[in-house]
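Participant: Could you have a look at this structure, given as structure tokens, before my questions?
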Amino acid sequence: MFARLAAFLLLSTCAFAAAPAGVPRELARERAAEISNLRYQVSFALAPHAATTAGHEELSFTLKAAQAVLLDYRDGTVQRMTVNGSEVAPTPDNGHLQLPADKLRAGANTLTFDFTSAIAPAGKPITRYEDKDDGSEYIYTLFVPMDASMAFPCFDQPDLKGRFQLEITAPEDWTIISNTDPKDAVPAANNRRRTAFAETRPISTYLFAFAAGPFRKLDRPGVLGLPGLYVRKSKWERAQSEAPEVQQIAKQGIAYLSTYFAQPFPFSKYDMVLIPGFPYGGMEHAGATFLREESVLFRTAPTHNDLLGRDLLVLHELTHQWFGDLTTMRWFDDLWLKEGFAQYMAYQALDALKPREHIWMRFYESIKPAAYEIDSTQGTTPIYQDIPNLKDAKSAYGAIVYSKAPGVLKQLAYVLGPEHFRDGLRLYLKEHLYGNAEWSDLVHAFERVSGQKLDHWADMWIRHRGMPQVDVSWSCTEGRVSRLSLAQQDVLGEGNLWPIATQVLLSYGNAGPGIRFRASFATATANFSQAVGKPCPQFVFANDQDYAYGRFLLDASSRVEVVRQLGDVHDVFLRALLWGSLWESVRVAEMEPRRFVGLAKLLLPGERDELLLRSTAAHTLTTLHRYVSSETRSQFVPSFEKMANDHMLHSTQKDLRILWFRTLRAVAETATGRGYLKDLLSGKLSVPGVELRQLDRWNLVTALIALSDPQADSVFHAEQQRDRTGDGLKYAYVAAAARPDGKTKQKYFDDYLHDASRPEDWVAESLDAFNYWNQSQLTEPYLKPALQALPQIKRERKIFFLVDWLDAFIGGQQSAASQAQVHDFLRTADLDRDLRLKILQAVDELDRTVKIRQKFPQ
């Protein structure tokens, strides 16, 4: 241990070795072994419109032996530093401060700092938001994964948990929300107030947070036990109608999860703060979750499933209070331990709280597709991702941890059974209260409560990338099944074999109830005698109820039968699974895309399930815009425009009318279709029982601009006059990015890379408009510059922005020439592993588009 430590921690008292960039795993391990009992007392002075904040900090910790230590702090400046009462000249070194061995001692140590850190609209962990509606200013922090050290000196790694005491001095009309409740608030000079907060329980640095500004709390007099909900003052009236459901689902979630985990809520209070322009759906700071305002206060007319999606967001972030905050992964290679479980448990909780809502069908529709798309690319990774340095931790975020991990956990729950699964989680949390854990700790907890060995299961599903494709083969003799086998193959061609547990359906259509049986295997092929002798089915589906994870295609005869009778499948979950399997057949170039569109044209008018209508319409639009020729698209689009308009006006369900409105906006292309959009904006046409909201209208404007409608400019300017809100300014910026001219594209691209004052959410939301589906020739010149900008994007932007950037610029292309350009860049550019994998993920859809078009030119 100590030999390895020399390069990082045990530095000589007279000369320091060069400090490493970021926080390497080895440095983190050795610091965690040597340092304990961390306490932070941190104060910030916040002033309106200031580009910096002055801070003071007292940091105490216990050190096993007197030795030099590296503390993390970058991007700011330290004016004064003391170590155990002795003033020491601050020595910045590659994002660290050097603490000399001759000033530190075995046992208790106390450091103080006076420092200055940055505040900015984008690119900094202390972010300023200016409310264009009333001129108010809001400041919030976002430290995940290792940006606390850009705000104050700290040991910025998840397994050095500390107790935090925060003090904020800010204008007296501002409200401050943090991890704990305020314990004191006293007047300060110049109409300011100093607010001190109670000490936290032990938490990681990335979970420490505050939000400041003229927030207002939404109260419900007479209703006890509700979590706090804060909103900026300009949205307080609007939030009155939304707050009760948000607070109620959080209250119910706390009760359910406390019982399920057999652990009471682990922190002293729970607040939710709505942050405008927040870069994620939410962030689970201990005791104070920040939620993206737009994800709670909808800017478009919401459907019932949109409201359920909001419930899931609230429950996801709430689950983190146990999985992530109470018990935290030791290192970000185990990010899935918090994100995968929060995602899975959000669905588990909502299914218990709202059992009539087909929640597991929603899980399939909303979670699985993103996982399958990534896991079939050469850029995919294992769920457990090797992160040698925390500066690369952003690379761990994506569909693998948010979608594959919960999908695999659903299979594990099927393997273990619900009680063993629950008891394993309880044991895991109990043994790591306010501590850190690794994936092996969780697996061992499951093994202990279930008596099952899971080492092979965990090795294949957690440490190996990719997924199986499961094919079914069956035959009948004299009306009875004579043989049924399942075969698996690695979709990446790497030869892996996974332990699979699934449920197989023998379907008899309307002739009688289906026969289901459990099938488990870990070999390349397996025969299942359970099916032999059963009546010959009309079709076989090998992942009934979606228990397993993988690509499950229909065999040729089953696919023919499913296409024939899909409209008569009354089980909505099964109908969704079959549509999904057909869609996968399109994506692997087995099913002609024109045939899929034709089937959608036939069946969508009769679809009454909102979620299934949404997903199938989205797949149809992808097929029209990417996979079929322009000639084929022109044959289908007029009928889809008419279909969407008719059902928008006449569907008996409000939710379906909203979905058909959205479909009309997305499919409209002809003069007739664009006329519908303009009539909706002018009021000549309306959606019965639905008031179009702000973003609904701007989405219509964006489409008209992108489609070069002759009246697009006048419509745009009229909407600008109509909507003078702060959000309206953002949506106008987004809409204008769709203008199909080179000058506009050049202006926006320069803005993306060089205007640091542009809020990141403005840029992120405009990327798809810039790369509108019909403008690939216009945006193709920006493909290579977008790729060349990746190091800057990774360095300056928040976690998910890099993937959004690649999906927009690569996903906006459809040609073999663009495909060649991306692969040439991959061959010649000097890229780190993370960027290379992200490009490979993004280019997969372009590769598929080219392959499908070549195989099915019509």
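Participant: Just the Cα atoms of the stretch 741-823, one point each, no solvent: what log10 I(q)/I(0) does Debye give at q = 0.17 Å⁻¹?
Facilitator: Each listed q maps to, in turn, -0.64.
Participant: Residue separation times 0.36 nm, minus the C-alpha to C-alpha distance between Lys453 and Arg220: what's the value?
Facilitator: 78.9 nm
Participant: Work from the charge dipole of the stretch 269-391 (Cβ charges, +1 for Lys and Arg, -1 for Asp and Glu, about the Cα centre) and give the residue of Gly379, Gly309, Ala342 farthest towards its positive end.
Facilitator: Gly309
Participant: Per residue, what accessible area does the chain have, given a 1.4 Å probe and all protein chains present, in Å²?
Facilitator: On a per-residue basis, the chain sits at 36 Å².
Participant: Quick check on the chain: helices-only [θ] at 222 nm, where DSSP H runs of length 4 and up contribute -39,500 (n - 2.57) each and the sum goes over total residues. Nearest 500, please.
Facilitator: For the chain, the value works out to -13000 deg cm²/dmol.
Participant: While we're here: Could you tell me, in Å, what Rg and Dmax come out for the Cα atoms of the stretch 401-451?
Facilitator: For the stretch 401-451, the Cα radius of gyration and maximum Cα-Cα distance read 11.0, 29 Å.
Participant: Sticking with this structure for a sec: Pick out, in residue order, every one of the GluC sites (Glu not before Pro) in the stretch 675-770 that is DSSP loop and has at most 16 other C-beta atoms within 10 Å; say none if there are none.
Facilitator: Glu691
Participant: Relative contact order of the chain: what whole-number percent is it, with Cα pairs under 8 angstrom and at least 6 residues apart?
Facilitator: This gives 9 percent for the chain.
Participant: So for the stretch 762-810, considering every pair of alpha-carbon atoms, how many percent are separated by more than 17 Å?
Facilitator: Across the stretch 762-810, Cα pairs with separations above 17 Å total 29 percent.
Participant: Using only the Cα atoms of the stretch 576-653, build the gyration tensor, take square roots of its eigenvalues as a ≥ b ≥ c, and label the shape rounded, prolate or oblate: rounded if a/c is under 1.5, else prolate if a/b is larger than b/c, else oblate.
Facilitator: Oblate, since a/c reaches 1.5 and b/c is not below a/b.
Participant: Taking the convex hull of the Cα atoms, report for the stretch 529-681 its projected area averaged over all directions, in nm².
Facilitator: With the hull built on Cα positions only, its mean projection is 10.3 nm².
Participant: Would you report the distance distribution of C-alpha pairs in the stretch 812-858 as whole percents per 5 angstrom bin, up to the bin with the largest distance?
Facilitator: For the stretch 812-858, the pair-distance distribution reads 5, 22, 28, 21, 14, 6, 3, 1.
Participant: Taking Cα centroids, how far is the stretch 708-730 from the stretch 318-376 in Å?
Facilitator: 39
Participant: Quick one: 3J(HN,Hα) in Hz for the stretch 614-619, Karplus 6.51/-1.76/1.60 with θ = phi - 60°, rounded, Gly and Pro as x.
Facilitator: 4, 5, 5, 5, 5, 5
Participant: Right, next: Taking amide H positions as placed in the peptide plane 1.01 Å from N, state which residues far from Thr91 in sequence (5 or more) or on other chains have amide H under 5 Å from it.
Facilitator: Excluding prolines and chain starts, which carry no amide H, the hits are Gln98.
Participant: If the label point is 7 Å along Cα→Cβ of Val572, which residues in the stretch 659-688 have backbone nitrogen under 17 Å from it?
Facilitator: Within reach of a label on Val572: 659-660.
Participant: Shifting gears a bit: Checking a compactness column here: for the stretch 219-357, what do you get for Rg(Cα) / (2.2 N^0.38 Å), N being the number of residues?
Facilitator: That works out to 1.01 for the stretch 219-357.
Participant: Applying the Karplus parametrisation 6.51 cos²θ - 1.76 cosθ + 1.60 with θ = phi - 60° to the phi angles of the stretch 216-222, what ³J(HN,Hα) value in whole Hz is obtained for each residue in order, glycine and proline being reported as x?
Facilitator: 10, 8, 8, 9, 10, x, x
Participant: Skipping prolines and chain starts, which residues have an amide H placed within reach, meaning under 5 Å, of the one on Arg797, given they are 5 or more residues away or on another chain?
Facilitator: Amide H neighbours of Arg797, under 5 Å, 5+ apart: none.
Participant: Further question: Output ³J(HN,Hα) for the stretch 532-545: one whole-Hz value per residue in order, computed from phi by the Karplus curve 6.51 cos²θ - 1.76 cosθ + 1.60 with θ = phi - 60°, and x for Gly and Pro.
Facilitator: 5, x, 6, x, 5, x, 7, 8, 10, 10, 9, 9, 4, 6
Participant: Jot down the per residue volume, in cubic angstrom and as a whole number, of the convex hull over the alpha-carbon atoms of the stretch 55-182.
Facilitator: It is 127 Å³ per residue.
Participant: Just report the Cα centroid separation between the stretch 94-169 and the stretch 573-617, whole Å.
Facilitator: That distance is 49 Å.
Participant: If you take the square roots of the eigenvalues of the alpha-carbon gyration tensor of the stretch 333-439 and sort them as a ≥ b ≥ c, do you get rounded (a/c under 1.5), prolate (a/b over b/c) or oblate?
Facilitator: oblate
Participant: Further question: Can you check what the net charge comes to around Asp750, using other residues whose Cβ is under 13 Å from the Cβ of Asp750 (Lys, Arg +1; Asp, Glu -1)?
Facilitator: Spelling it out: positives minus negatives among the neighbours equals +2.
Participant: Sticking with this one: If I compute solvent accessible area with a 1.4 Å probe over the protein chains, what percent of it on the chain is carbon and sulfur?
Facilitator: 50
Participant: Next up: Give the span of the stretch 466-612's Cα atoms along each principal axis, as three whole-Å numbers ordered largest to smallest.
Facilitator: That gives 42, 38, 24 Å along the principal axes, largest extent first.
Participant: Distance from a point 7 Å along Cα→Cβ of Phe517 to each backbone N in the stretch 393-424: keep the residues under 20 Å and list them by number.
Facilitator: Counting backbone N atoms under 20 Å from the label point, the list is 415.
Participant: Output the 0 to 90 degree angle, nearest 10, between the alpha-carbon long axis of helix 742-754 and the longest principal axis computed from the alpha carbons of the chain.
Facilitator: Here the helix axis deviates by roughly 40 degrees.
Participant: What whole-number volume per residue, in cubic angstrom, does the convex hull of the C-alpha atoms of the stretch 657-759 give?
Facilitator: Convex hull volume per residue, Cα atoms: 110 Å³.
Participant: Something else about it: Any chance you could run the full-extension gain for Gln746 through Lys430? It's 0.36 nm times the residue separation minus the Cα-Cα distance, nm to one decimal.
Facilitator: Gain on stretching Gln746 to Lys430: 108.2 nm.
Participant: What is the extension gain from Ala817 to Glu172, computed as 0.36 nm multiplied by their sequence separation minus the C-alpha to C-alpha distance, in nm to one decimal?
Facilitator: 226.3 nm
Participant: If you find the alpha carbon centre of the stretch 397-439 and of the stretch 770-816, how far apart are they in angstrom?
Facilitator: 35
Participant: Then there's this: Beyond 17 Å, how much of the Cα-Cα pair distribution for the stretch 707-858 remains, as a whole percent?
Facilitator: Within the stretch 707-858, distances greater than 17 Å cover 64 percent of Cα pairs.
Participant: By DSSP, what percent of the beta bridges with both residues in the chain are antiparallel, rounded to the nearest 5?
Facilitator: About 80 percent, rounded to the nearest 5.
Participant: Using only alpha-carbon positions, what ratio does the radius of gyration of the stretch 104-261 give when scaled by 2.2 N^0.38 Å?
Facilitator: Relative to the 2.2 N^0.38 Å estimate, the stretch 104-261 comes out at 1.19.
Participant: Now a separate question. Out of every Cα-Cα pair in the chain, what percent are more than 36 Å apart?
Facilitator: 50
Participant: Looking at the square roots a ≥ b ≥ c of the eigenvalues of the Cα gyration tensor of the stretch 600-709, which shape do they give, rounded for a/c under 1.5, prolate if a/b is larger than b/c, or oblate?
Facilitator: Judged from the Cα gyration tensor, the stretch 600-709 comes out oblate (a/c at least 1.5, b/c at or above a/b).
Participant: Within the set of other residues whose C-beta is less than 13 Å from the C-beta of Pro214, count the net charge using Lys and Arg as +1 and Asp and Glu as -1.
Facilitator: -1
The values are calculated or read from the model by the stated rules, or taken from the named source; none is laboratory data. As the structure is a computational prediction, the values presented were derived from the model and not from experiment. Neighbour counts are summed over all protein chains in view; Cβ atoms, including those assigned to glycine, are modelled from backbone coordinates with ideal geometry. Each accessible area value is taken on the protein alone, full model and side chains, heavy atoms only, with ligands, DNA and RNA left out. Shrake-Rupley method; radii C 1.70, N 1.55, O 1.52, S 1.80 Å.
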